[in-house]
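Some notes on the structure that comes next.
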Amino acid sequence: MPKPRPTASCVPTSNSRLGVSLPPPMEHRQHVIHIWLMLLPALLLLLAFTHWPVVSTLFDSFHSTPKGVRASVWVGLDNYRVMLDDPVFRKALANNLWFAGVTIPLSIGLALVMALWVNERMAGRALLRMAYFTPTVLPMIAVANIWLFFYTPQYGLLEQVSGAMGLPAQNWLGNPTTALGAVTLVAVWKEAGFFMIFYLAALQGMNPSLREAAAIEGASRWTFFRRVQWPLLMPTTVFVLVNAFINGFRMVDHLFVMTRGGPDNASTLLLYYLYEVGFSFWDTAYASAITVVLVAILAGVALLQFFVLDRRVHYQ
Amino acid sequence: MSHTTQQRLAFNEPGWLDTLAAWLLGLLWLLPLVYAVWTAFHPAEFSTRFELSAPLTLNNFRRAWEAAPFARYFFNTTVLTGMILVTQLVISTLAAYAFARFRFRGRNLAFALVLVQLVVMPDLLVVANYKTMAQLGLVDSLLAIGLPYFASAFAIFLLRQTFMSIPKELDDAARVEGAGALQILWRVYVPLARPVYIAFALVSVSFHWNNFLWPLIVTNSVNARPLTVGLQVFSAVDQGIDWSIITAATLLSAAPLLIAFLLFQRQFVQSFMRAGIK
């Protein structure tokens, strides 16, 4: 094998010996300028509204909130110390972990079952698909209004049904033990149909001969699912999982209508608490610290996906 | 042989139990919407009483429309989603093209910087972005709601993938004929990526039509409030909780997307699928 010849840039030129790198040909330089001009709007906007905010949030979280004439001063980790002792923050974090821990597996599980159903030749398949998917296109705020009515004590639909069955009256959203569960259910309802779409797309992309082979082998439906469909759906599951995780920390719109985080913070979530601290109490420094925690959680998940899940998953 | 055929049929056909369960779940999924439609189209006294003889009415919609500036909210949301979509498409088309077709120093770093937004979404950075908007004097404007979303990492990623799959020969052929980079982008790449543009547009419009938290934070008057925020302000005011009016307002604000979805169901579902497969 011939030795690789040094490329042009490695060859010392008279210019580089003088400490000046060789300028690219005129045409090429213009080319590079064009490329960066195409990228410029996107990069500038991202810099201004994604990268800079991350940096400034981190910076603010180590400072105090400016109040009137008192400028903000460096307080080190004080905001984070306050956070550790803040019962509402701890409640919001615990609630959020519970909320994410329930919505993620439940919505993904339901999505998978829905997709397996509507992928088959079933009576009214198109209608079912529509029924499952409809919540996705409805605004969460509007949906929350409807569910609020659903849960209303005394004359809400849920109460009428449970009353007819002779069950005791319940105030689902007003009771600290049921409020979080009630808002979690809404999230599952909203999300399952959305995730179903991705599973459905993957199922439809599967080679039909796999199914025929399994049928000839006499495999049961369960075996076919476990040995063939489920492994092939793995990349989709990872994709859906990451989305479900992000949404688990982002979906708070319904709280504004249904519970306002109450009663007694029983249903508050991190982003909702962040909103309250930042825009009801106007404690921007503390709100920045909460933002840092939220961003850290989501970035952690992204890195985990990138470095662990993606490597373990078998791609076709 | 007949044994195998039978088995294959049984294998493909879901049992009656599946069908029953699927339909029960489907009904459960539609129930809130059906309930809302019932309440909105009947007089208030029937909002929790289900009688088939109950008279139908459009009165609740009329009263909701008069009780809040919904016309203005509709206008704001339409302008907002349109503005965001157009800027997103232009900005990400240019960026995606640069990433897909050119090699240049710093490309990987620039692309990584773009991808950051997939995880650290504008929804989370509300405190810092509010500060920026206040400094720019943009608080309570449609522009302030849209700005953080104009550059979309998702769109750039999606279009880059699409552009990369377009054969380079088409590119070269156009270049031989003397077309410049932008001309090639416009004449070759954009038309070929049409389905992806439609997919992204539907996803973007449904996201921004429904977006709530950031618009709530950055607006404080009817001038800039989109539908979602207007609806929340409207239903939060305790007016003896007239459910029929609130559900009417709720359906009103969801109607454009819902109707579009019912009409173009297939397109919607396929678009969401396409946007999800990377």
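Key figures for this structure:
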quantity	calculated
Cα gyration tensor shape of chain B, rounded if a/c is under 1.5, else prolate or oblate by comparing a/b with b/c	oblate
Residue with peak Gaussian network fluctuation, chain A [Cα springs, cutoff 10 Å], from A:234, A:130, A:83	A:130
Separation of the residue A:123 and residue A:160 label points, Cα + 7 Å toward Cβ, nm	2.7 nm
Amide N of segment B:211-226 lying under 19 Å from the label point, which is placed 7 angstrom from the Cα of residue A:280 along Cα→Cβ	B:212-220
Estimated [θ] at 222 nm from DSSP helical runs (n ≥ 4, -39500 (n - 2.57)) normalised by residues in chain A, nearest 500	-20500 deg cm²/dmol
Taking chain B and dividing mean pair separation by its residue count, relative contact order in percent (alpha carbons under 8 Å, at least six apart)	30 percent
In range of the label at residue B:186: residues from segment B:81-96 whose backbone nitrogen is under 14 Å from the point 7 Å along Cα→Cβ	B:90, B:94
Sites residue A:213 and residue B:166 - FRET efficiency at Förster radius 41 Å, r taken between beta-carbons, to 0.05	0.70
Calculated FRET value between residue B:236 and residue B:107, using beta carbons and R₀ = 35 Å, to 0.05	0.15
Computed helical MRE - 222 nm, chain B, DSSP H runs ≥ 4 contributing -39500 (n - 2.57), nearest 500	-22500 deg cm²/dmol
Amide H contacts under 5 Å for residue A:63, placed H, 5+ residues apart	A:75
For residues of A:245-257, the mean tally of beta carbons on other chains within 10 Å	3
Surrounding net charge for residue B:184, when Lys and Arg each add one and Asp and Glu each subtract one, Cβ distance under 9 Å	+2
Distance from segment A:266-290 to segment B:132-187 (C-alpha centre basis), Å	34 Å
GNM result for chain B, Cα springs below 10 Å: residue of B:34, B:190, B:233 fluctuating most strongly	B:34
Candidates A:274, A:128, A:241: whichever shows maximal mean-square fluctuation once chain A is modelled as a Gaussian network with Cα springs under 10 Å	A:128
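FYI, it's all coordinate maths here, none of it is from the lab. Predicted, not measured: the structure shown is a model, and the values here were computed from it. FYI the Cβ positions are ideal-geometry reconstructions off the backbone, even for glycines, and counts take in every protein chain you see.
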